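Novice: A single structure is presented below for examination.
Each value in this text was obtained by applying a stated rule to the coordinates, not by laboratory testing. All values reported here derive from a predicted model rather than from experimental measurement. Note that we place each Cβ from the backbone using ideal geometry, even for glycine, and neighbour counts take in every protein chain shown.
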Amino acid sequence: MTDFRDIERLVNSADQYEPPTPEELAEAPLLEGWALLKDEDDEDDLPVVFGIISGHPAVPDGGLHFGAECFAMDENWAWIMTMARLYRLGTPAFGTTQQEDGNVY
């Protein structure tokens, strides 16, 4: 499931992109109970996010949703960008810890 090295890599890559505006974030679907999943056969080596979705324009609320490959993530785990769309992140499926540097892992 969630590999914290993948999260660190996604957080580091977020610095290369403009963060979403508050308006974009407010309109983004929400994933609760989310985690990252890796396909070991994927050449791109990018994780896929999945979780319980709400607010998606084409997917019913409350269903388990697999997003597209992820390429950037907020250091506070508030949002994640996939190849298809932006998602707001709620509570992860697995616990988090706040590090001394202020980052959440």
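Novice: Kindly rank 46-53, 72-79 from highest to lowest mean number of other beta carbons found within 10 Å of each residue.
Specialist: In descending order of packing, they fall as 46-53, 72-79.
Novice: Which net charge results when you count Lys and Arg as +1 and Asp and Glu as -1 among the other residues whose beta-carbon is under 14 Å from that of E27? Walk me through the numbers before you get to the answer.
Specialist: Numbers: positive: R85, R88; negative: E23, E24.
Net charge around E27: 0.
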